[in-house]
1. Using θ = phi - 60° and the Karplus curve 6.51 cos²θ - 1.76 cosθ + 1.60, what whole-Hz ³J(HN,Hα) does each residue of the stretch 216-232 get, with Gly and Pro shown as x?
2. Given labels modelled 7 Å from the Cα in the Cβ direction, how far is it in nm from Tyr256 to Val114?
3. Using helices alone, I'd like the mean residue ellipticity at 222 nm for the chain: each DSSP H run of four-plus residues gives -39500 (n - 2.57), total over residue count, nearest 500.
4. Distance cut-off 30 Å, Cα to Cα: go down the list Lys87/Lys212; Lys87/Lys302; Lys87/Lys121 and report the pairs above it.
5. Could you give the nm distance between label points at Leu42 and Lys26, where each point is 7 Å from its Cα heading toward the beta carbon?
6. Charges on Cβ only, +1 for Lys and Arg, -1 for Asp and Glu, centred on the Cα centroid of the stretch 71-309; of Leu217, Met250, Trp141, which one is farthest towards the dipole's positive end?
7. What does the charge count near Thr172 come to, summing +1 for each Lys or Arg and -1 for each Asp or Glu among other residues with Cβ under 12 Å from its Cβ?
8. In sequence order, what are the phi-derived ³J(HN,Hα) couplings for the stretch 251-259 according to the Karplus relation 6.51 cos²θ - 1.76 cosθ + 1.60 with θ = phi - 60°, rounded to whole Hz, with x for glycine and proline?
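What follows draws every value from the coordinates through simple rules; no lab data is involved. Please read these numbers as outputs of a predicted model, since none were measured by experiment. Glycine gets a Cβ as well: all are built from the backbone with ideal geometry, and neighbour counts include every protein chain shown.
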Amino acid sequence: MTDSAIAASAEATSVNRSYWRRNQRKLAPWLFLAPGIAMFLLYVIYPIVESMWLSFYDWDGLGAKAWIGLENYRELFDDDAFYTSLKNNILWLVLYMLAVPAGLFIALFLNQTVRGIRIYKSLFFFPFVISQVVVGLIFSWFYAPNFGLFYHLIEWLTGTGVAVLADDRYVTYGIIAAGLWPQIAYCMILYLTGLNNVSPDQIEAARLDGAKGWRMLWFVIVPQLRPATFIAVVVTVIGALRSFDLVSIMTDGGPYGSSRVLSFYMYEQALSEYGYRMGYGAAIAVVLFAIMMVFISGFIWKMVRDEQGG
């Protein structure tokens with residue numbers, strides 16, 4: 001190799017090294033993020049796009065796909081079962097949000113240094129660590145006619161027992177109550193973590209200004225719990241919209257399809273022995289995803305606006 005070639009190679013290496021040194025602070029974070037971004041694109045973004053694309057086809061999962069355009073969506077919006085599922089999902093969303101304030105108040109109760117508080121924490125934490133399948137079975141026995149505790153309690157109070165899971169008027173409320181049990185525990189854990197980061201200086205200053213009780217909670221403590229509230233609301237909204245396991249375990253969508261939700265109806269149409277309509281199931285999934293994004297995006301926008309205003 002000639003001297004000029006050696007000099008050119010050394011100069012190129014020097015240029016590359018100097019580029020890395022000049023941009024090391026900018027490039028290093030992206031190198032660390034690259035594996036996570038790649039997996040997110042592969043396992044989250046790609047399936048979402050593929051589901052949207054699949055919703056324009058008629059496909060049984062094995063044979064050839066047939067392009068039908070918006071036909072799945074036209075059928076969906078004329079489907080009574082879809083509207084029943086959508087109504088139940090809205091009911092889940094409204095009632096499931098009770099988990100957030102309930103979790104906050106339980107966390108405030110448990111965030112005290114009193115005798116036996118660890119035992120109380122363990123009891124309230126217990127629902128979060130058990131499986132949703134176990135929760136569904138427990139509440140199925142709880143509501144069971146003739147031997148369920150809830151059935152006997154209602155019978156003792158009113159003289160007539162109520163078979164909650166067999167009555168289309170009450171079945172959705174019964175399943176939501178079962179789902180709230182572990183969801184409240186999850187929100188409680190988030191708020192307990194957030195309460196550990198509440199500034200004692202702000203609380204002391206508020207006390208000197210005469211704040212106490214609800215005023216202390218609303219104007220001093222709750223604003224400092226915004227990160228925990230954000231996570232609690234997002235997780236609760238997602239949990240309400242993907243409420244498949246409890247419905248499947250407790251009623252299998254019955255009685256007469258009255259307890260269906262969108263995620264369960266999607267499963268019925270796409271994957272159950274009565275379905276194998278992948279395109280129609282994908283259309284339901286797209287509608288469910290759109291509803292979820294509306295709620296979560298709205299809450300994120302509100303959080304950002306509040307932060308900028310503050």
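1. 4, 5, 6, 9, 10, 7, 4, x, 7, 9, 4, x, 5, 5, 4, 5, 4
2. Distance between label points: 4.9 nm.
3. Value at 222 nm, helices only: -23000 deg cm²/dmol.
4. Numbers: Lys87/Lys212 41 Å; Lys87/Lys302 25 Å; Lys87/Lys121 35 Å.
As for pairs spanning more than 30 Å Cα to Cα, those are Lys87/Lys212; Lys87/Lys121.
5. Between Leu42 and Lys26, the simple spin-label model gives 2.8 nm.
6. Ranked along the dipole, the leading option is Leu217.
7. Result for the local shell: +1.
8. Calculated HN-Hα couplings, in order: 9, 6, x, x, x, 6, x, 6, 9 Hz.
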